[in-house]
Amino acid sequence: MRHAAITGYGMAVPQKVLSNADLERMVDTTDEWIVSRTGIRERRVVGTGDTTTSLAVAAARNALTVAGLTADDIDLIVVATCTPDQFVVSEACLVQAQLGGTAAAFDVGAACSGFVYALSVASLYIQQGLHQRVLVIGVDTLTRFIDYTDRATCVLFGDGAGAVVLEASDQERGLLSIVLGADGTGSQHLFAPGWGALVPESAMLVSETRPYLQMNGQEVFRFAVRVMGDAAAEAVEKAGLALEDIAMFVPHQANKRIIDAAARRLNLPPEKVWQNLDRYGNTSAASVPIALAEAAHDGRFEEGDNLVLVAFGAGLAWAAGVVRWGVAGVPRLNQ
Ligand code: ACO
(Lines give C-alpha, C1' and ligand atoms only; values in the text may rest on other atoms or scores of the structure.)
Protein backbone atom coordinates (compact mmCIF):
# COMPACT_ATOMS: atom_id res chain seq x y z
CA MET A 1 0.00 0.00 0.00
CA ARG A 2 1.38 3.41 -0.95
CA HIS A 3 0.96 6.23 1.52
CA ALA A 4 1.47 9.99 1.10
CA ALA A 5 3.75 11.05 3.95
CA ILE A 6 4.24 14.71 4.84
CA THR A 7 8.00 15.18 4.57
CA GLY A 8 8.21 18.97 4.47
CA TYR A 9 6.30 21.96 5.76
CA GLY A 10 6.64 25.72 5.48
CA MET A 11 4.83 29.01 5.81
CA ALA A 12 5.13 32.65 4.81
CA VAL A 13 3.28 35.77 5.92
CA PRO A 14 3.66 39.40 4.83
CA GLN A 15 5.81 41.67 7.00
CA LYS A 16 3.15 44.34 7.41
CA VAL A 17 1.24 44.02 10.70
CA LEU A 18 -2.30 45.39 11.11
CA SER A 19 -3.09 45.51 14.83
CA ASN A 20 -6.40 45.97 16.59
CA ALA A 21 -5.15 49.44 17.60
CA ASP A 22 -4.67 50.24 13.89
CA LEU A 23 -8.23 49.10 13.19
CA GLU A 24 -9.56 51.27 16.04
CA ARG A 25 -8.30 54.25 14.01
CA MET A 26 -9.99 52.99 10.80
CA VAL A 27 -13.47 51.83 11.87
CA ASP A 28 -15.80 52.01 14.87
CA THR A 29 -14.34 49.08 16.82
CA THR A 30 -12.24 48.35 19.90
CA ASP A 31 -9.45 45.99 20.78
CA GLU A 32 -11.65 44.70 23.60
CA TRP A 33 -14.52 43.82 21.20
CA ILE A 34 -12.23 42.09 18.69
CA VAL A 35 -10.31 40.06 21.27
CA SER A 36 -13.37 39.00 23.26
CA ARG A 37 -15.48 38.08 20.17
CA THR A 38 -12.74 36.54 18.00
CA GLY A 39 -9.42 36.09 19.86
CA ILE A 40 -7.59 38.07 17.15
CA ARG A 41 -5.01 40.70 18.23
CA GLU A 42 -3.21 41.40 14.95
CA ARG A 43 -2.98 40.09 11.42
CA ARG A 44 -0.48 40.28 8.55
CA VAL A 45 -1.61 42.06 5.40
CA VAL A 46 -0.04 42.28 1.96
CA GLY A 47 2.14 45.31 1.33
CA THR A 48 4.07 46.58 -1.66
CA GLY A 49 5.57 43.67 -3.54
CA ASP A 50 3.51 40.98 -1.81
CA THR A 51 1.30 38.87 -4.05
CA THR A 52 -0.53 35.59 -3.71
CA THR A 53 2.25 34.07 -5.81
CA SER A 54 5.12 35.55 -3.79
CA LEU A 55 3.67 34.24 -0.52
CA ALA A 56 2.95 30.80 -2.02
CA VAL A 57 6.46 30.54 -3.46
CA ALA A 58 8.08 31.54 -0.15
CA ALA A 59 6.08 28.93 1.79
CA ALA A 60 6.82 26.30 -0.86
CA ARG A 61 10.56 26.99 -0.75
CA ASN A 62 10.52 26.55 3.03
CA ALA A 63 8.65 23.26 2.72
CA LEU A 64 11.09 22.00 0.07
CA THR A 65 14.04 22.89 2.31
CA VAL A 66 12.58 20.89 5.21
CA ALA A 67 12.01 17.95 2.86
CA GLY A 68 15.56 18.23 1.49
CA LEU A 69 14.22 18.54 -2.06
CA THR A 70 14.27 21.04 -4.91
CA ALA A 71 11.50 22.06 -7.29
CA ASP A 72 12.97 19.64 -9.86
CA ASP A 73 12.02 16.74 -7.57
CA ILE A 74 8.34 17.71 -7.50
CA ASP A 75 6.00 16.18 -10.08
CA LEU A 76 2.70 17.87 -9.11
CA ILE A 77 1.77 21.21 -7.54
CA VAL A 78 -1.72 21.70 -6.12
CA VAL A 79 -2.65 25.16 -4.87
CA ALA A 80 -5.73 25.87 -2.76
CA THR A 81 -6.79 29.50 -3.06
CA CYS A 82 -9.79 31.74 -3.66
CA THR A 83 -7.60 34.78 -4.35
CA PRO A 84 -5.37 33.79 -7.29
CA ASP A 85 -3.29 36.57 -8.79
CA GLN A 86 -5.03 35.92 -12.11
CA PHE A 87 -8.20 34.08 -13.07
CA VAL A 88 -6.83 32.80 -16.35
CA VAL A 89 -3.59 30.95 -15.61
CA SER A 90 -3.92 28.85 -12.51
CA GLU A 91 -2.14 30.03 -9.38
CA ALA A 92 -0.29 26.70 -9.41
CA CYS A 93 1.23 27.53 -12.82
CA LEU A 94 2.30 30.98 -11.59
CA VAL A 95 3.98 29.30 -8.62
CA GLN A 96 5.68 26.68 -10.81
CA ALA A 97 7.06 29.42 -13.08
CA GLN A 98 8.85 31.02 -10.13
CA LEU A 99 9.87 27.84 -8.34
CA GLY A 100 11.24 26.15 -11.44
CA GLY A 101 10.82 22.53 -12.45
CA THR A 102 8.30 20.90 -14.74
CA ALA A 103 5.63 19.69 -12.31
CA ALA A 104 2.02 19.37 -13.40
CA ALA A 105 0.03 22.13 -11.73
CA PHE A 106 -3.59 22.97 -10.92
CA ASP A 107 -5.73 24.82 -8.38
CA VAL A 108 -8.41 23.66 -5.96
CA GLY A 109 -11.11 26.11 -4.88
CA ALA A 110 -12.87 25.52 -1.59
CA ALA A 111 -12.18 28.84 0.19
CA CYS A 112 -11.06 28.30 3.81
CA SER A 113 -11.50 24.52 3.48
CA GLY A 114 -9.32 24.51 0.38
CA PHE A 115 -6.07 23.22 1.86
CA VAL A 116 -7.65 20.13 3.42
CA TYR A 117 -9.54 19.45 0.18
CA ALA A 118 -6.26 19.85 -1.76
CA LEU A 119 -4.41 17.58 0.65
CA SER A 120 -6.98 14.84 0.02
CA VAL A 121 -6.67 15.21 -3.76
CA ALA A 122 -2.87 15.23 -3.70
CA SER A 123 -2.74 12.22 -1.38
CA LEU A 124 -4.93 10.23 -3.77
CA TYR A 125 -2.56 10.94 -6.67
CA ILE A 126 0.29 9.48 -4.65
CA GLN A 127 -1.71 6.56 -3.23
CA GLN A 128 -2.82 5.63 -6.77
CA GLY A 129 0.77 5.65 -7.98
CA LEU A 130 0.34 8.57 -10.39
CA HIS A 131 2.83 10.84 -8.66
CA GLN A 132 5.77 10.47 -6.27
CA ARG A 133 6.25 13.93 -4.79
CA VAL A 134 3.57 16.57 -4.57
CA LEU A 135 3.67 20.12 -3.27
CA VAL A 136 0.39 21.24 -1.67
CA ILE A 137 -0.01 24.95 -0.95
CA GLY A 138 -2.78 26.87 0.80
CA VAL A 139 -2.57 30.61 0.09
CA ASP A 140 -4.89 33.60 0.24
CA THR A 141 -4.69 37.37 0.16
CA LEU A 142 -8.27 38.03 1.16
CA THR A 143 -7.45 41.46 2.57
CA ARG A 144 -7.35 42.71 -1.04
CA PHE A 145 -11.09 41.92 -1.19
CA ILE A 146 -12.10 43.29 2.19
CA ASP A 147 -14.11 46.48 2.64
CA TYR A 148 -12.14 48.40 5.27
CA THR A 149 -15.23 50.44 6.14
CA ASP A 150 -17.14 47.29 7.17
CA ARG A 151 -16.20 46.57 10.78
CA ALA A 152 -18.02 43.22 10.73
CA THR A 153 -15.54 41.71 8.27
CA CYS A 154 -12.40 43.86 8.18
CA VAL A 155 -11.24 42.85 11.67
CA LEU A 156 -11.27 39.13 10.85
CA PHE A 157 -8.92 38.48 7.94
CA GLY A 158 -5.18 38.33 7.29
CA ASP A 159 -2.95 37.09 4.46
CA GLY A 160 -0.45 34.25 4.21
CA ALA A 161 0.59 30.92 2.76
CA GLY A 162 1.41 27.46 4.06
CA ALA A 163 2.74 24.44 2.23
CA VAL A 164 3.53 20.77 2.67
CA VAL A 165 5.51 18.28 0.60
CA LEU A 166 3.93 14.85 0.23
CA GLU A 167 6.06 11.86 -0.73
CA ALA A 168 5.21 8.27 -1.49
CA SER A 169 6.06 6.02 1.44
CA ASP A 170 5.52 2.37 2.35
CA GLN A 171 4.95 3.40 5.98
CA GLU A 172 1.46 4.27 7.20
CA ARG A 173 1.93 8.04 7.24
CA GLY A 174 0.02 11.02 5.91
CA LEU A 175 -3.75 11.16 5.49
CA LEU A 176 -5.46 8.21 7.23
CA SER A 177 -9.02 9.43 6.73
CA ILE A 178 -10.91 12.28 5.12
CA VAL A 179 -14.37 13.78 5.55
CA LEU A 180 -15.46 16.32 2.92
CA GLY A 181 -18.77 18.15 2.88
CA ALA A 182 -20.59 21.07 1.33
CA ASP A 183 -23.97 22.79 1.51
CA GLY A 184 -24.26 25.15 -1.44
CA THR A 185 -27.62 26.42 -0.21
CA GLY A 186 -25.62 28.32 2.42
CA SER A 187 -23.53 30.15 -0.19
CA GLN A 188 -25.35 33.44 0.47
CA HIS A 189 -23.94 33.57 4.01
CA LEU A 190 -20.35 34.16 2.87
CA PHE A 191 -19.56 35.38 -0.62
CA ALA A 192 -18.06 38.09 -2.81
CA PRO A 193 -20.58 39.40 -5.36
CA GLY A 194 -19.35 40.65 -8.72
CA TRP A 195 -16.05 38.84 -8.30
CA GLY A 196 -16.15 36.47 -11.23
CA ALA A 197 -17.42 35.86 -14.74
CA LEU A 198 -21.02 36.70 -13.82
CA VAL A 199 -20.05 40.38 -13.80
CA PRO A 200 -16.91 40.42 -15.96
CA GLU A 201 -16.42 44.16 -15.75
CA SER A 202 -16.62 44.15 -11.95
CA ALA A 203 -12.94 44.66 -11.41
CA MET A 204 -13.18 47.96 -13.25
CA LEU A 205 -16.34 49.09 -11.45
CA VAL A 206 -15.44 48.47 -7.84
CA SER A 207 -17.33 51.46 -6.52
CA GLU A 208 -20.57 50.41 -8.28
CA THR A 209 -20.50 46.65 -7.85
CA ARG A 210 -18.75 46.39 -4.48
CA PRO A 211 -17.08 43.02 -5.04
CA TYR A 212 -16.02 42.84 -1.40
CA LEU A 213 -16.45 39.85 0.85
CA GLN A 214 -19.84 39.82 2.57
CA MET A 215 -20.72 37.63 5.49
CA ASN A 216 -23.62 36.76 7.72
CA GLY A 217 -21.37 36.23 10.74
CA GLN A 218 -23.92 34.65 13.05
CA GLU A 219 -25.04 32.06 10.45
CA VAL A 220 -21.44 31.14 9.65
CA PHE A 221 -20.67 30.95 13.36
CA ARG A 222 -23.54 28.49 14.04
CA PHE A 223 -22.60 26.38 11.02
CA ALA A 224 -18.91 26.35 12.00
CA VAL A 225 -19.48 25.29 15.61
CA ARG A 226 -21.64 22.37 14.45
CA VAL A 227 -19.52 21.20 11.57
CA MET A 228 -16.01 21.52 13.06
CA GLY A 229 -16.67 19.15 15.93
CA ASP A 230 -18.83 16.73 13.95
CA ALA A 231 -16.47 16.45 10.96
CA ALA A 232 -13.41 16.06 13.17
CA ALA A 233 -15.07 13.34 15.26
CA GLU A 234 -16.16 11.52 12.08
CA ALA A 235 -12.62 11.68 10.63
CA VAL A 236 -11.18 10.19 13.84
CA GLU A 237 -13.72 7.36 13.75
CA LYS A 238 -13.07 6.73 10.04
CA ALA A 239 -9.36 6.41 10.80
CA GLY A 240 -10.19 3.66 13.31
CA LEU A 241 -8.91 5.80 16.19
CA ALA A 242 -10.30 7.15 19.45
CA LEU A 243 -10.17 10.81 20.46
CA GLU A 244 -7.50 9.90 23.07
CA ASP A 245 -5.23 8.86 20.17
CA ILE A 246 -5.08 12.44 18.85
CA ALA A 247 -1.88 14.29 19.72
CA MET A 248 -2.81 17.65 18.23
CA PHE A 249 -5.92 19.36 16.85
CA VAL A 250 -5.00 21.76 14.03
CA PRO A 251 -8.16 23.69 13.16
CA HIS A 252 -8.95 26.50 10.74
CA GLN A 253 -8.18 29.72 12.61
CA ALA A 254 -11.34 31.80 12.17
CA ASN A 255 -12.55 32.48 15.69
CA LYS A 256 -11.26 31.37 19.10
CA ARG A 257 -14.81 30.74 20.30
CA ILE A 258 -15.45 28.37 17.37
CA ILE A 259 -12.19 26.49 18.02
CA ASP A 260 -12.86 26.26 21.77
CA ALA A 261 -16.37 24.91 21.12
CA ALA A 262 -15.02 22.22 18.78
CA ALA A 263 -12.30 21.30 21.28
CA ARG A 264 -14.91 20.93 24.03
CA ARG A 265 -17.03 18.73 21.74
CA LEU A 266 -13.94 16.53 21.19
CA ASN A 267 -12.94 16.65 24.85
CA LEU A 268 -9.45 17.92 23.95
CA PRO A 269 -7.39 19.81 26.55
CA PRO A 270 -6.01 23.25 25.49
CA GLU A 271 -2.44 21.94 25.11
CA LYS A 272 -3.65 19.66 22.30
CA VAL A 273 -5.27 22.51 20.36
CA TRP A 274 -3.07 24.71 18.18
CA GLN A 275 -4.17 28.33 18.05
CA ASN A 276 -2.34 31.18 16.35
CA LEU A 277 -5.22 33.36 15.20
CA ASP A 278 -4.24 35.99 17.77
CA ARG A 279 -1.26 36.79 15.49
CA TYR A 280 -2.59 36.06 11.99
CA GLY A 281 -6.41 36.27 12.04
CA ASN A 282 -8.25 34.21 9.46
CA THR A 283 -5.89 33.54 6.54
CA SER A 284 -8.46 31.40 4.67
CA ALA A 285 -6.85 28.49 2.78
CA ALA A 286 -3.48 29.29 4.38
CA SER A 287 -4.78 28.95 7.91
CA VAL A 288 -4.46 25.17 8.43
CA PRO A 289 -1.03 24.75 6.77
CA ILE A 290 0.36 27.80 8.62
CA ALA A 291 -0.89 26.33 11.91
CA LEU A 292 0.55 22.95 10.97
CA ALA A 293 3.94 24.43 10.04
CA GLU A 294 4.16 26.49 13.24
CA ALA A 295 3.18 23.58 15.48
CA ALA A 296 5.67 21.29 13.71
CA HIS A 297 8.42 23.89 13.93
CA ASP A 298 7.63 24.24 17.64
CA GLY A 299 8.09 20.49 18.11
CA ARG A 300 4.50 20.00 19.33
CA PHE A 301 4.25 16.50 17.88
CA GLU A 302 6.51 13.66 16.84
CA GLU A 303 6.78 11.22 14.01
CA GLY A 304 3.92 8.75 14.21
CA ASP A 305 1.62 11.12 16.12
CA ASN A 306 -1.97 11.47 14.91
CA LEU A 307 -3.20 14.98 14.10
CA VAL A 308 -6.66 16.21 13.18
CA LEU A 309 -6.87 18.92 10.52
CA VAL A 310 -10.27 20.54 10.14
CA ALA A 311 -11.58 23.56 8.24
CA PHE A 312 -14.82 25.24 7.20
CA GLY A 313 -15.71 28.25 5.14
CA ALA A 314 -17.42 29.76 2.12
CA GLY A 315 -19.46 27.31 0.10
CA LEU A 316 -20.51 26.54 2.70
CA ALA A 317 -17.92 23.77 2.73
CA TRP A 318 -15.99 21.79 5.30
CA ALA A 319 -13.19 19.23 5.44
CA ALA A 320 -11.55 17.18 8.17
CA GLY A 321 -8.80 14.61 8.04
CA VAL A 322 -6.59 12.60 10.35
CA VAL A 323 -2.91 12.80 9.46
CA ARG A 324 -0.23 10.54 10.87
CA TRP A 325 2.81 12.76 11.10
CA GLY A 326 6.05 11.69 9.50
CA VAL A 327 8.92 13.86 8.45
CA ALA A 328 12.34 12.66 9.55
CA GLY A 329 13.19 9.04 9.02
CA VAL A 330 10.29 8.15 6.76
CA PRO A 331 11.71 5.73 4.21
CA ARG A 332 10.80 6.96 0.77
CA LEU A 333 9.69 4.66 -2.01
CA ASN A 334 12.09 4.55 -4.90
CA GLN A 335 11.03 6.24 -8.11
N1 ACO B 1 -16.38 46.08 16.49
C2 ACO B 1 -17.39 46.44 17.32
N3 ACO B 1 -18.64 46.01 17.19
C4 ACO B 1 -18.90 45.18 16.16
C5 ACO B 1 -17.92 44.76 15.26
C6 ACO B 1 -16.61 45.24 15.43
N7 ACO B 1 -15.59 44.91 14.64
N8 ACO B 1 -18.48 43.94 14.35
C9 ACO B 1 -19.77 43.83 14.67
N10 ACO B 1 -20.04 44.60 15.78
C11 ACO B 1 -21.31 44.78 16.47
C12 ACO B 1 -22.50 44.50 15.61
O13 ACO B 1 -22.84 45.63 14.83
C14 ACO B 1 -23.54 44.18 16.66
O15 ACO B 1 -24.02 45.41 17.19
P16 ACO B 1 -25.59 45.57 17.55
O17 ACO B 1 -25.84 44.53 18.62
O18 ACO B 1 -25.67 46.96 18.02
O19 ACO B 1 -26.32 45.28 16.28
C20 ACO B 1 -22.75 43.50 17.76
O21 ACO B 1 -21.37 43.85 17.54
C22 ACO B 1 -22.87 41.99 17.75
O23 ACO B 1 -22.66 41.53 16.44
P24 ACO B 1 -22.70 40.01 16.11
O25 ACO B 1 -22.56 39.81 14.62
O26 ACO B 1 -23.91 39.39 16.78
O27 ACO B 1 -21.39 39.51 16.86
P28 ACO B 1 -20.91 38.04 17.08
O29 ACO B 1 -20.75 37.79 18.50
O30 ACO B 1 -21.72 37.07 16.25
O31 ACO B 1 -19.45 38.08 16.44
C32 ACO B 1 -18.30 37.48 14.44
C33 ACO B 1 -19.29 38.42 15.07
C34 ACO B 1 -16.97 37.62 15.14
C35 ACO B 1 -18.17 37.85 12.98
C36 ACO B 1 -18.81 36.02 14.59
O37 ACO B 1 -20.15 35.94 14.18
C38 ACO B 1 -18.01 35.06 13.78
O39 ACO B 1 -16.84 34.81 14.05
N40 ACO B 1 -18.63 34.41 12.79
C41 ACO B 1 -17.93 33.43 11.98
C42 ACO B 1 -17.04 34.12 10.98
C43 ACO B 1 -16.18 33.11 10.27
O44 ACO B 1 -15.72 32.18 10.85
N45 ACO B 1 -16.00 33.29 8.98
C46 ACO B 1 -15.24 32.29 8.30
C47 ACO B 1 -14.84 32.82 7.05
S48 ACO B 1 -14.08 31.53 6.22
C49 ACO B 1 -14.00 31.84 4.55
O50 ACO B 1 -14.31 30.95 3.79
C51 ACO B 1 -13.61 33.17 4.07
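The values are calculated or read from the model by the stated rules, or taken from the named source; none is laboratory data. As the structure is a computational prediction, the values presented were derived from the model and not from experiment. So basically every Cβ, Gly included, is an ideal-geometry build from the backbone, and we count neighbours across all protein chains shown. Side chains are part of the model used for accessible areas, which takes the heavy atoms of the whole protein and leaves out ligands, DNA and RNA. Shrake-Rupley method; radii C 1.70, N 1.55, O 1.52, S 1.80 Å.
Among V165, V116, V27, the largest mean-square fluctuation in a Gaussian network model of the chain, built with springs joining Cα atoms closer than 10 Å, belongs to V27.
When only the Cβ of Lys, Arg, Asp and Glu is charged (+1, +1, -1, -1), the dipole of the chain relative to its Cα centre reaches about 220 debye. Amide H contacts under 5 Å for Y148: none, restricted to partners 5 or more places along the chain or on a different chain, H placed in the peptide plane at 1.01 Å from N. Taking the charge dipole of region 3-172 about its Cα centre, with +1 at Lys and Arg Cβ atoms and -1 at Asp and Glu Cβ atoms, the residue from S113, A92, T153 reaching farthest to the positive side is T153. Computed with a 1.4 Å probe over protein heavy atoms only, the accessible surface of region 123-194 comes to 35 Å² per residue.
Within the chain, antiparallel bridges make up roughly 70 percent of the DSSP beta bridges whose residues both belong there. From the alpha carbon centroid of region 245-314 to that of region 26-63 is 17 Å.
For region 226-329, the fraction of 1.4 Å probe accessible surface lying on carbon and sulfur atoms is 45 percent. How many percent of the alpha carbon pairs in the chain exceed a separation of 32 Å? For the chain, the fraction of Cα-Cα distances above 32 Å is 23 percent. When all protein chains stay in place and ligands, DNA and RNA are ignored, the 1.4 Å accessible-area order of H252, H131, largest first, is H131, H252. For the residues K272, K16, K256, a 1.4 Å probe over the protein chains yields an accessible-area ranking, largest first, of K16, K256, K272.
Counting only protein heavy atoms and a probe of 1.4 Å, the accessible surface of region 75-115 is 58% carbon and sulfur. Taking only the C-alpha atoms of region 18-124, the Rg (one decimal) and the largest Cα-Cα distance, Dmax (whole number), read 17.2, 50 Å. In this structure the amide hydrogen of L176, modeled in the peptide plane, comes within under 5 Å of the amide hydrogens of V322, V323, R324, none closer than 5 places in sequence on its chain. Taking the Cα centre of region 104-245 as origin and assigning +1 to Lys and Arg Cβ atoms and -1 to Asp and Glu Cβ atoms, the resulting dipole is close to 220 debye. When the Cα positions of L18, N306, G229 are compared along the charge dipole of the chain, G229 comes out farthest toward the positive end, with charges on each C-beta of Lys, Arg, Asp and Glu.
Taking T70, T81, T283 in turn, the Gaussian network model of the chain (Cα-Cα springs below 10 Å) assigns the largest fluctuation to T70.
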